[in-house]
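**Q** The structure is given below, and queries will be raised subsequently.
The values are calculated or read from the model by the stated rules, or taken from the named source; none is laboratory data. Keep in mind that what you see is a predicted model, and the values were worked out from it rather than measured. Here the Cβ positions follow ideal geometry from the backbone for every residue, glycine too, while neighbour counts run over all protein chains shown. Areas reflect the complete protein model, heavy atoms only, side chains present, ligands, DNA and RNA absent. Shrake-Rupley method; radii C 1.70, N 1.55, O 1.52, S 1.80 Å.
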Amino acid sequence: MKVLAVETATSWQSVAILDESRVLARRDQEAAGSHAKLLLPTIDRLFRETGLTLKQLDGLVVSIGPGSFTGLRVGLATLLGFRTISQLPLAVVPTLEGMAWNLRGTSMLLCPILNSRRGVLYWALFRWASDDRLERVMSEQVGTATMLGSSLTGSALVFGEGWTVEASAIRASVPPSATVVEAPDSAMKPSAVSIGLAGIERLRRGEYAGTGISPLYVQRTSAELKYEESGGLSPVVLRQKRVARKVNARVAAARIPSGDTRVTRGRGKSGMRDGV
């Protein structure tokens with residue numbers, strides 16, 4: 001089965017043409033903010049290298065997210081256009097699941113991590129079964145490094161851009177019962193080859209993308225993340241606690257007299273001021 005696979009969920013753009021597990025051509029490059037400009041020329045280059053045309057393929061595969069809003073839209077829109085032209089079946093692969101294919105056959109629990117906006121990460125947990133089947137242990141999550149670290153309960157192999165950016169914060173939040181092991185550098189970036197391998201399995205099972213397919217953003221608001229990090233306390237309760245701390249601090253400060261304080265008792269009948 002020959003497929004064109006596209007991965008644009010991050011700033012790292014990856015495109016490949018596969019024939020089953022054999023890579024016929026691939027191109028990986030930094031494309032921050034330039035997916036729309038680089039993707040089509042890259043695909044055209046791979047077709048020239050292989051001597052293939054779109055109609056000679058058996059299917060199309062694209063990473064569906066989570067990840068960069070712009071990158072995901074560019075990748076999906078491009079392959080939806082190719083599907084319209086060629087009538088080829090299209091498979092969509094969640095980006096974190098595709099990253100788990102970077103470490104196919106690994107016995108450890110896998111935790112791919114992507115970086116989002118400031119301090120926010122995407123992650124999920126996967127495990128390869130003995131029959132070479134990928135099992136989803138935890139669905140896609142979004143949150144802070146602290147939330148990620150505390151969600152790990154055993155040993156996990158961690159990798160991805162989110163790990164390289166927030167490794168220290170994640171390690172600091174991992175409970176004593178859990179350990180994290182860093183994966184090899186070769187597994188850190190999303191790969192069109194891995195997306196393609198996962199997509200071929202989907203195409204073989206007849207799991208084709210529908211007409212209303214859209215990117216998997218898995219996004220939550222900053223307010224939701226702050227609420228969860230607070231332990232489920234509402235903003236009103238948090239503000240009450242802050243105010244109470246400030247008031248208590250001021251009261252405590254007022255009870256400490258300074259060394260040169262003069263105390264006056266007012267004027268007596270003689271009009272003179274008494275003082276100590």
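**Q** Under the definition of Cα pairs under 8 Å and six or more residues apart, what whole-number percent is the relative contact order of the stretch 11-124? Walk me through the numbers on the way to the answer.
**A** Working: 144 pairs, mean separation 22.0, N = 114.
This gives 19 percent for the stretch 11-124.
**Q** Still on this structure: Based on Cβ point charges of +1 for Lys and Arg and -1 for Asp and Glu, what charge dipole magnitude is obtained for the stretch 79-202 about its Cα centre, in debye rounded to the nearest 20?
**A** It comes to approximately 240 debye.
**Q** Express in whole angstrom the spacing between the alpha-carbon centres of the stretch 33-54 and the stretch 71-105.
**A** So the two Cα centres are separated by 15 Å.
**Q** Sequence-distant or interchain residues sharing an amide H contact under 5 Å with Ile64, placed H: which?
**A** Val93, Thr95
**Q** I would also like to ask the following. Considering only protein heavy atoms, what is the solvent-accessible area of Val142 at a probe of 1.4 Å, reported in Å² to the nearest 10?
**A** 10
**Q** Let me ask another. Sort 109-119, 79-89, 61-71, 47-57 for me by packing, meaning the mean count of neighbouring Cβ atoms within 10 Å per residue, highest on top.
**A** Highest to lowest by the protection proxy: 61-71, 109-119, 79-89, 47-57.
**Q** Tell me, what ³J(HN,Hα) does each residue in the stretch 153-165 have, in order and in whole Hz, if you take phi through Karplus 6.51 cos²θ - 1.76 cosθ + 1.60 with θ = phi - 60° and put x for Gly and Pro?
**A** Taking θ as phi minus 60°, the curve returns 10, x, 7, 9, 8, 9, 6, x, 4, x, 5, 5, 7 Hz for the stretch 153-165.
**Q** With a ≥ b ≥ c taken as the square roots of the eigenvalues of the C-alpha gyration tensor of the stretch 1-103, please select rounded if a/c is under 1.5 and otherwise prolate if a/b is larger than b/c or oblate if it is not? Each step should come with its number before you reach the end.
**A** Values: a/c = 1.38, a/b = 1.29, b/c = 1.08.
Note, shape of the stretch 1-103 comes out rounded.
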